[in-house]
1. For Q206, indicate whether it is part of a strand (DSSP E or B) and more than 15 Å from E82 (Cα to Cα).
2. Right, D390: closer than 18 Å to G214 by Cβ, open to solvent by less than 40 Å² (accessible area, probe 1.4 Å), modelled with pLDDT of 95 or more and outside any helix (DSSP H, G or I) or not?
3. Say whether the condition of being closer than 21 Å to F259 by Cα and open to solvent by 40 Å² or more (accessible area, probe 1.4 Å) is met by at least one residue in the range 63-71.
4. Output the qualifying pairs, or none if there are none: Cβ atoms under 8 angstrom, residues six or more apart or on different chains, first residue in the range 273-300 and under 26 Å from E244 (Cα atoms), second residue in a strand (DSSP E or B) and hydroxyl-bearing (S, T, Y).
5. Which condition does Q351 not pass, out of (1) buried (at least 22 other Cβ atoms within 10 Å of the Cβ); (2) out of contact with any Lys or Arg (no Cβ under 8 Å at 6 or more places or on another chain); (3) within 30 Å of L101 (Cβ to Cβ), if it passes all the others?
6. Please count how many residues of the range 70-103 are small (G, A, S), in contact (Cβ under 8 Å) with a residue 40 or more places away in the chain and over 19 Å from H198 (Cα atoms).
7. Give the residue that is modelled with the lowest pLDDT, with candidates limited to residues of the range 28-63 that are outside any helix (DSSP H, G or I), of a type in the set (G, A, S) and within 16 Å of V413 (Cβ to Cβ).
8. Can you find a residue that is open to solvent by less than 10 Å² (accessible area, probe 1.4 Å) and closer than 19 Å to E82 by Cα anywhere in the range 277-290?
Amino acid sequence: MRRLIVAAGVVAGTMAVSAQGQQQQAPAAPDHVRTLVSRLDLEKYKATIKGLTQFGDRREGTERNRKAVDWIEAQLKSYGCETGRISYDPENPRGLTGAELERLQEARAGRGRGQGAGRGNQPPPRVPGGTPEDPMRRGAGGKGFGARTGVNNDPMRQPDEALRALNQGPIISGNVEQVYCTKRGATRADEMYIIGAHMDGIGYGQAANDDGSGTAIVMELARILNAPGVVTDVSIRFALWNGEEGGLKGSNAYVAQRFELQGGPDEPKWLGMIQHDMMMFDHGMPNADGTLRAEQRREADVNIEFQATSKLAEESAKLAVFFRNANLRYATDYPAAIGPHMQSTDSVPFQDLIPAISLRENERRDHIGFGWDPHWHQPTDVFSTFSDADFRLGLNAAQTTLAAIAQLAKAVVK
């Protein structure tokens, strides 16, 4: 007589046995991750970016920045996400005292005050490969081609008069606030992953890509993971940093104020930090004349970066691989690539404390830093500049993070 090994009505893990002894196909286990990822929508992602652009470039310390913080908080509350705020002094975001504060003030005086101060519209330092006869900027390491980068500090370069007027609002003295919200874990609420993006911008545009594209990812993930019936094992914090453009001020303030509070009721233990910064534009290397192709390149990808020189480089690299694998399984259009030079974004203050990675449209050091995005800190960083192919790259980054964090947090949909 044939022996049947029956466990919870399943034979060999795939076949169920009916009361009459007939084999039936067992229902597949639900893929909660795929269900959550399917709830991301291109039009909703675009609408969130569009909502942010009503506040112009959202420069830190301005009235438009404050209104944007209020708007973000209202959206997060409408998702059912528990909100909170951090306040910091933009002149001393880490709360330094004594000699440390003096060194900070001396450094600031040496490079000029204000966001975007420094190079302004001047060309970047020369790199290997350029000559007086051939002034074209070369690429990283003198290889390939690059283009000039800088920060636009001239409001008159913005042709939209209404946007120009909005962006000329003054800096208001005093502390600056930033908002976050928290999804509480069902069984391990005292531990959390931090998902972040910076909501401020510069350049007299709308900061649609830098960093409306990343802010919208964080907000969309907050919407989906806080929906009724979604349960996670651990907590997740969605942070919308302020003051990134002035020197990672908001994220530095958060670390300074909250690191020692870990394990308490308001600050679960940090498990990892995932940043999103400029998510939409991967049109390839500049041509020899500095121009770029008009359309998103077919080889576009989501760049996942960790910092190879950080104290937790090995752990951060493993987190990057986990996200890359989540992209392979769940993202719909663009693959992911891993790079070891995470820099100049809000994951940096965390990199020696917990595993930290950033997601970007290109490598920050070797691509963005060498002119692969001509709209970076420019008046052209407006919603109308970007096509659906550009927005879809940002959506694929959202798919990547949502898929990875849903697995790490053991999310289920009831």
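1. No, not satisfied.
2. no
3. For the range 63-71, residues closer than 21 Å to F259 by Cα and open to solvent by 40 Å² or more (accessible area, probe 1.4 Å): absent.
4. Sorted first by the residue in the range 273-300, then by its partner, the pairs are M273/Y193; I274/Y193; I274/S358; Q275/S358; H276/S358; D277/S358.
5. That leaves (2) as the condition not met.
6. Total meeting the criteria: 2.
7. Filtering first and then ranking leaves A28.
8. No, the range 277-290 contains no residue that is open to solvent by less than 10 Å² (accessible area, probe 1.4 Å) and closer than 19 Å to E82 by Cα.
The values are calculated or read from the model by the stated rules, or taken from the named source; none is laboratory data. For clarity, every value in this text was computed on a predicted model and none was experimentally measured. Cβ sites come from the backbone with ideal geometry, for glycine too, and all protein chains shown count toward neighbours. Note: areas computed on protein heavy atoms with side chains; ligands, DNA, RNA excluded. Shrake-Rupley method; radii C 1.70, N 1.55, O 1.52, S 1.80 Å.
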